[in-house]
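Worksheet for the structure shown next.
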Amino acid sequence: ANCLGWIVEGVTTGVYGTLCRFSQEAPTPSQYLFAKALICMSETGQPWHDDPSFAYRRRKRDLEFFMGRTSGTRNLNVPTAKRNYRRYVAGLATEVCATA
């Protein structure tokens with residue numbers, strides 16, 4: 001959630017240019033970075049599958065599963081982090097970026 005928050009902050013503060021909104025039709029650079037991060041989410045940091053679209057969907061599903069799990073830590077910040085994650089990923093996620 002923190003990593004995604006920093007990416008979203010980059011959009012809203014203009015780090016990636018003047019486009020301060022997320023779009024499915026004209027994705028921002030941060031949306032491409034998010035897609036690339038998911039595609040390369042492996043032990044080596046390299047794409048683990050030849051089909052970027054498949055890798056994106058699979059790793060996004062893995063991340064969703066992880067964020068949906070009960071942490072068991074009793075950390076009071078966990079519910080807030082999960083809410084933030086859902087909010088951030090709603091803006092960042094677009095499969096268009098995995099195929100470009």
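Only one residue of TYR85, VAL15, TYR32 has its Cα farthest out toward the positive end of the dipole of the chain, where Lys and Arg carry +1 and Asp and Glu -1 on Cβ, and that residue is TYR85.
Divide by every residue of the chain the summed helix terms, -39500 (n - 2.57) for each DSSP H run of at least 4, and state the resulting mean residue ellipticity at 222 nm, rounded to the nearest 500 deg cm²/dmol. Value at 222 nm, helices only: -18000 deg cm²/dmol. Given +1 at the Cβ of Lys and Arg, -1 at the Cβ of Asp and Glu and no other charges, the dipole of the chain around its Cα centre is 480 debye to the nearest 20. Computed over the alpha-carbon atoms, segment 3-92 gives an Rg to Rh ratio of 1.00, Rh here being the Kirkwood radius from the mean inverse distance. Carbon and sulfur: what percent of segment 35-79's accessible surface (1.4 Å probe)? Within segment 35-79, the accessible surface is 54 percent carbon and sulfur. Over the chain, accessible surface divided per residue gives 66 Å², non-protein components excluded, 1.4 Å probe.
A crude spin-label estimate for the pair THR12 and SER42, with each label 7 Å from Cα along the Cβ direction, gives 3.4 nm. Evaluating 6.51 cos²θ - 1.76 cosθ + 1.60 at θ = phi - 60° for every residue in segment 8-15, the Karplus couplings come out as 4, 4, x, 6, 6, 9, x, 4 Hz, glycine and proline recorded as x. Going by accessible surface with a 1.4 Å probe and the largest first, MET67, MET41 read MET41, MET67.
With all protein chains in place and ligands, DNA and RNA left out, the 1.4 Å accessible area ranks TYR32, TYR85 as TYR32, TYR85, largest first. Taking every alpha-carbon pair within segment 50-100, the share separated by more than 18 Å comes to 40 percent.
With a Förster radius of 30 Å applied to the beta-carbon distance between SER53 and ARG86, the computed FRET efficiency rounds to 0.85.
The values are calculated or read from the model by the stated rules, or taken from the named source; none is laboratory data. Since we're looking at a predicted model, the values are computed, not measured. No Cβ is skipped: glycine too gets one built from the backbone with ideal geometry, and neighbour counts run over all protein chains shown. Heavy atoms of the whole protein, side chains included, go into the accessibility calculation; ligands, DNA and RNA do not. Shrake-Rupley method; radii C 1.70, N 1.55, O 1.52, S 1.80 Å.
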